[in-house]
Amino acid sequence: MIEFIPQIPETRVATAARIRRARRLPVPGEVSGAIGMRIGAQDIIARAYPPKMRRALSLTRVIGVTEAEVPRRLLKHVGDTVEAREIIIAKPINFGVQRLVYRAPEAGQIAAIQGSWMILDLFGQPYDVPALYRGTIVAVEPREGGIVEAQGALIQGAWGSSAPDRAAKEAVGVIKWLAKEADAVLDADQLEADARAAILVAGGGVTEAALRRAEQVQVGGIVVGSLAPELRALALALPFPLMVTEGFGDKPMCTPIFELLTALNGQEAALNGQYAPRGPHSARPELFVPLAASRMLASDTMENERPHVAPRARVRGLCEPYLGQVGTLPEEFWLKWYGTESGAYLPAVEVEWEHLPGERHLVPWTNLELIG
């Protein structure tokens, strides 16, 4: 018997959880939220502008004015900001009946004018960070972003289609079940026009044709039980988030996740495909369905229950032959040494699997995770 019980990983599958998520800009910018502000999932919490691109223009060449004419033909001056297609300088032609103009190619600012030359700084497209989670801002980090607190149903996945070194793929949409069997595979012929912007759910896997069709239809995101390994590269290249609940291969969605997603069908959800398994900023993909405002509780009154090692705790298998299976720990349990075929000994525990009622099976402790 082993007296010390080490901690094991956990997967959150909760109908009511209180979470806090940091929403940050990749570069310094402007934060538009304030502490205590209630925000929607698609409200912008922070905005950053890319580095300016400086462009030198000869006004003589673009509209044919002389250096002496420039000051009286200008409609904008040094330091002025301009919007895209806004007129900067104009010159009358055809006896004043018409005029020749130069418009700003993009939004920017006039940095300098010397003679007939102009220096224009172009801003480019701003980078916005939406709240994603409908809730309340509980902290603000100047020029970086803020922390959003939200309450609702939470489901964590095993893999997400956002590469760790790139911006996370995110979506807000209505959950739409396309096949309500735990092992049903999502195929292209199930995707119609009404799937646009929705978060599609299938209990089994997904075909390559369905992924390509989903890109054409412009779905919001996809949640499946498993994914074929050869489709990983395609999933990473797609513009929408894809969350896998069990892992790679051909495995049906486990019972707790399947039942909760079935109950949440038709509700608006936020899908975050971020996946970073290691490092200080490790993260897992997740689907979050916020509670209605009338059902929310104050932060200090709602417990944030997390699964922990205890009698009757729910666990899920991480390796064959119990991969994806859900069971519980006995009322009285302890770790014991388990001999493997290679001759190594590992700490193990007896588990009562839900698909094998009344039976107990010895499973290596490191092959389990908490779920709930």
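The values are calculated or read from the model by the stated rules, or taken from the named source; none is laboratory data. Computed from a predicted model, the values in this text were never measured in an experiment. Here the Cβ is made from the backbone with ideal geometry for all residues, glycine too, and neighbour counts use every protein chain on show.
Residues considered: Ala112, Ala158. Of these, the only one that is at pLDDT below 95 and under 21 Å from Leu264 (Cα atoms) is Ala158. If only residues of the stretch 13-52 that are surrounded by 13 or more Cβ atoms within 10 Å (Cβ to Cβ) and under 18 Å from Ile110 (Cβ atoms) are counted, the one that is farthest from the chain's Cα centre (by Cα) is Lys52. Can you tell me which residues in the stretch 346-372 are at pLDDT below 90 and surrounded by fewer than 12 Cβ atoms within 10 Å (Cβ to Cβ)? Answer for the stretch 346-372, where residues must be at pLDDT below 90 and surrounded by fewer than 12 Cβ atoms within 10 Å (Cβ to Cβ): His355, Pro357, Gly358, Glu359. Is it the case that the stretch 121-144 has a residue that's assigned to a loop (DSSP other than H, G, I, E, B) and acidic (Asp, Glu)? Checking the stretch 121-144: at least one residue is assigned to a loop (DSSP other than H, G, I, E, B) and acidic (Asp, Glu). If you filter the stretch 78-106 down to residues that are small (Gly, Ala, Ser) and in contact with a strand residue (DSSP E or B) (Cβ under 7 Å, 6 or more places away or on another chain), you find that the one that is surrounded by the most Cβ atoms within 10 Å (Cβ to Cβ) is Ala104. Please indicate, with yes or no, whether at least one residue in the stretch 135-148 is buried (at least 24 other Cβ atoms within 10 Å of the Cβ), of a type outside the set (Gly, Ala, Ser) and touching a strand residue (DSSP E or B) at 6+ places or on another chain (Cβ under 9 Å). The answer is yes, given that some residue of the stretch 135-148 is buried (at least 24 other Cβ atoms within 10 Å of the Cβ), of a type outside the set (Gly, Ala, Ser) and touching a strand residue (DSSP E or B) at 6+ places or on another chain (Cβ under 9 Å).
Whenever a residue of the stretch 326-343 is within 29 Å of Ala182 (Cα to Cα) and modelled with pLDDT of 90 or more, its partners that are part of a strand (DSSP E or B) and among the small types (Gly, Ala, Ser), lying with C-beta atoms within less than 9 angstrom and at least six residues away or across chains, give the pairs Val326/Gly317; Gly327/Gly317. For the criterion of being at pLDDT below 90, at negative phi and in the same structural domain as Gly203 (by TED's automatic domain parsing), Arg134 fails. Could you give every pair whose Cβ atoms fall below 7 Å, whose first residue belongs to the stretch 56-69 and is of a type in the set (Ser, Thr, Tyr), and whose second residue is in a strand (DSSP E or B), counting only separations of at least 6 or pairs across chains? Partner pairs satisfying both residue conditions: Ser58/Trp117.
Table: residues versus (1) assigned to a loop (DSSP other than H, G, I, E, B); (2) of a type outside the set (Gly, Ala, Ser).
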position	(1), (2)
Arg54	no, yes
Arg61	no, yes
Thr66	yes, yes
Lys76	yes, yes
Gly79	yes, no
